[in-house]
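The values are calculated or read from the model by the stated rules, or taken from the named source; none is laboratory data. Quick caveat, the model's predicted, so the values are computed rather than measured. Heads up, the Cβs are rebuilt from the backbone with ideal geometry, glycines too, and the neighbour counts pull from every protein chain shown. Ligands, DNA and RNA are excluded from the accessible area calculation, which covers all protein heavy atoms including side chains. Shrake-Rupley method; radii C 1.70, N 1.55, O 1.52, S 1.80 Å.
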Amino acid sequence: MTDSSATVRPDRRAELAAGLVQVRARIADACAGAGRDPADVTMIAVTKTYPAGDVLALAGLGVTDMGENRDQEAAGKAAEVAAADVRPRWHFIGQLQRNKARSVVRYADVVHSVDSVRLARALGNAAAERERPLDALVQVSIDGDPARGGALPDSADEGVGLEAVAAAVADAPALRLAGLMAVAPLGWPPERAFARLAEVAEAFRTLHPGATALSAGMSGDLEIAIRYGATHVRVGSALLGMRPTLR
Ligand SMILES: *Cc1c(COP(=O)(O)O)cnc(C)c1O
């Protein structure tokens, strides 16, 4: 590749390798403490704000799953990475507007942020043009504050109630209902947040036995999320460094 953004300097590669060793050790320790098999926890490298070269370097270090939260940035980065013949699993983890569904289904393997019936339908229609189904996780609001996104557990709301959203995903032939995702609400101790999430997830799996994925935990709280059953942790800053802007 001639594009300099898709190359990485040796010192950056060494930095990423060091971050990876640390994060993998944290995940292994947390799994040991929780009596869980580390093979059951997928680390998603959240590469937002970082260039395609970092994705290629991480892929070269054995990272198979990458996360992005903005369609415009992710679409370009995924194309650059694909042009280098590298094909990670792309996880879309950010708030998603319905008018971006058509773009996201072109590169994403998993969308973690399905939080309304309308979004589920838009994604389902867009994904119908794909060859293989799109894995969809329903994002759950742990504190019930609809402003920050997330479907509402224990709510019969026909637009954003958890069961209504799950049903809309399950009804879309091009989507596969894979599980749940959440972010610990600001101001909540992660312990309390993930304990609550674990309850919601357990009840959810009795209704949807195939929906076993639980996407929870980030750089600051991945150990606690693993203790409460996370199958996917989304790790940005601990792996790639502090981002210049908070997002
Ligand atoms: C940015 C982001 C992450 C990663 O956050 P870090 O604290 O940098 O690990 C995880 N999940 C979501 C939804 C994000 O937007």
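Ignoring ligands, DNA and RNA, please state the percent of accessible area on the stretch 10-240 from carbon and sulfur, probe 1.4 Å.
Carbon and sulfur: 51 percent of the exposed surface of the stretch 10-240.
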Assuming R0 = 25 Å, can you tell me the calculated FRET efficiency for the pair R106 and T64, based on Cβ-Cβ distance, to the nearest 0.05?
-> 0.80
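With the radius of gyration and the Kirkwood radius both derived from the Cα set of the stretch 69-127, what is their ratio Rg to Rh? Walk me through the numbers on the way to the answer.
Working: Rg = 11.3 Å, Rh = 11.6 Å.
Value, to two decimals: 0.97.
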Before anything else, pin down the relative contact order of the chain: Cα pairs under 8 Å, at least 6 apart, normalised by residue count, whole percent.
-> 18
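Express in nm, to one decimal, how much length is gained between D11 and R132 on full extension, taking 0.36 nm for each residue of separation and deducting their alpha carbon distance.
Full-extension gain reported as 39.7 nm.
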Per-selection Kirkwood Rh - the stretch 154-247 (Cα, Å, 1 d.p.) = 14.5
For the chain, with the dipole built from +1 on Lys and Arg beta-carbon atoms and -1 on Asp and Glu ones, taken about the Cα centre, which of A211, V183, M66 lies farthest toward the positive end?
-> M66
Using just the helices of the chain, give the 222 nm mean residue ellipticity in deg cm²/dmol: DSSP H runs with n ≥ 4 each add -39,500 (n - 2.57), and the total is spread over all residues, rounded to 500.
-> -13000 deg cm²/dmol
State the percent of C-alpha pairs, over all pairs in the chain, separated by a distance greater than 24 angstrom.
-> 45
Label-point gap, in nm, between R118 and T206 - each point 7 angstrom along Cα→Cβ = 3.3
